[in-house]
């Protein structure tokens with residue numbers, strides 16, 4: 001069997017947050033509030049709920065998303081005790097941090113995407129994110145490789161729900177058994193595998209030695225070049241390629 005499609009997670013798989021932007025945000029808000037900015041996941045999610053103002057879904061299109069994040073940054077400043085020039089400062093944060101060089105592309109991504117496209121694979125992105133999914137990848141110059149962009153906010157379900165995976169498959173006109181998937185988050189990679197995808201967990205640290213774990217997207221290219229349909233071992237991070245306990249396919 002020949003695979004027909006390759007699906008990628010976005011954050012920490014194709015892209016990563018620009019550390020300079022995060023540092024600027026933290027330093028700027030700290031200068032206004034007079035205290036360090038601490039933004040753990042739970043606090044961030046609470047700010048999202050406040051910015052939603054009871055709306056469900058939070059945003060339906062790019063304009064909804066823009067207004068949402070303006071409210072988000074205003075709520076953030078209020079929570080940090082900032083009282084002066086709230087609107088202007090929230091607008092500055094929005095302008096600098098929303099789809100403005102806030103993400104960068106991992107070095108190997110363009111080469112890997114180019115390989116799969118040249119070989120005739122259909123490429124898609126599946127991401128737990130907002131309507132700006134395609135827009136962010138356009139800004140980074142890699143949207144041209146993809147023919148589907150499946151965002152949880154538009155589908156109404158997050159990974160590893162079968163709903164979002166099925167929406168991505170329908171967008172490309174393929175089955176899970178005809179598709180590869182890669183994600184940096186194990187529950188989501190496992191969830192795709194449970195749906196029938198040949199799914200990889202991406203751990204760029206190289207510390208995870210479990211089956212189906214890779215440390216570079218180049219190893220997905222190696223996988224299809226070898227012609228393996230079923231992999232029951234692991235990739236050798238010492239450069240030896242796919243382990244010998246694999247089953248070759250046609």
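Quick note: the coordinates plus some simple rules give every number you see, no bench work behind them. This is a predicted model, so every value here is computed, not measured. Note that each Cβ is placed from the backbone with ideal geometry, even for glycine, and that neighbours are counted across all protein chains shown.
Rounded to the nearest 10 degrees, what's the angle between the helix 19-33 long axis and the longest principal axis of the chain, both from Cα atoms, 0 to 90?
20 degrees
In percent, what relative contact order does the chain have, based on Cα pairs under 8 Å that are 6 or more apart in sequence? Don't skip to the answer; put the middle values down first.
On the way: 391 pairs, mean separation 50.2, N = 250.
Once normalised by length, the contact order is 20 percent.
Run through the DSSP bridge list for the chain and note the antiparallel percent, rounded to the nearest 5. Write down the numbers at each step before the final one.
Working: 8 of 27 bridges.
Within the chain, antiparallel bridges account for around 30 percent of the total.
Picking from 171, 51, 31, which is most flexible by a Gaussian network model of the chain using Cα springs under 10 Å?
Result for the chain, Cα springs under 10 Å: 31 fluctuates most.
Taking the beta-carbon count within 10 Å as an exposure proxy, list 106, 17 from fewest neighbours to most.
On the way: 106 16, 17 13.
With the sparsest Cβ surroundings first, the list reads 17, 106.
Cα gyration tensor of region 99-149, axes a ≥ b ≥ c as square roots of the eigenvalues: rounded (a/c below 1.5), prolate (a/b > b/c) or oblate? Intermediate results must be reported in sequence, preceding the final value.
On the way: a/c = 2.33, a/b = 1.43, b/c = 1.63.
Cα axes put region 99-149 in the oblate bin.
Which of 71, 46, 103 moves the most in a Gaussian network model of the chain with Cα springs under 10 Å?
Looking only at 71, 46, 103, the largest GNM fluctuation is found for 46.
Report, to the nearest 10°, how far helix 62-79 tilts away from the longest principal axis of the Cα atoms in the chain, using its own Cα long axis and a range of 0 to 90°.
The angle comes out at about 60 degrees.
Within a 10 angstrom radius of the beta carbon, how do 182, 112, 163, 174 rank from fewest other beta carbons to most?
Numbers: 182 26, 112 22, 163 13, 174 18.
Ascending Cβ contact count within 10 Å gives the list 163, 174, 112, 182.
Could you state the angle between the C-alpha long axis of helix 109-118 and the longest principal axis of the C-alpha atoms of the chain, as a value from 0 to 90 degrees rounded to the nearest 10?
50 degrees
Report which label in (i) 66, 37, 29; (ii) 54, 43, 33; (iii) 57, 47, 38 holds the value of Cα extents along the principal axes in Å derived from the coordinates of this structure.
Read-out taken from this structure: (i).
Among 78, 214, 126, which comes first, second and so on when ranked by fewest other beta-carbon atoms within 10 Å?
Final ranking by Cβ density, sparse to dense: 78, 214, 126.
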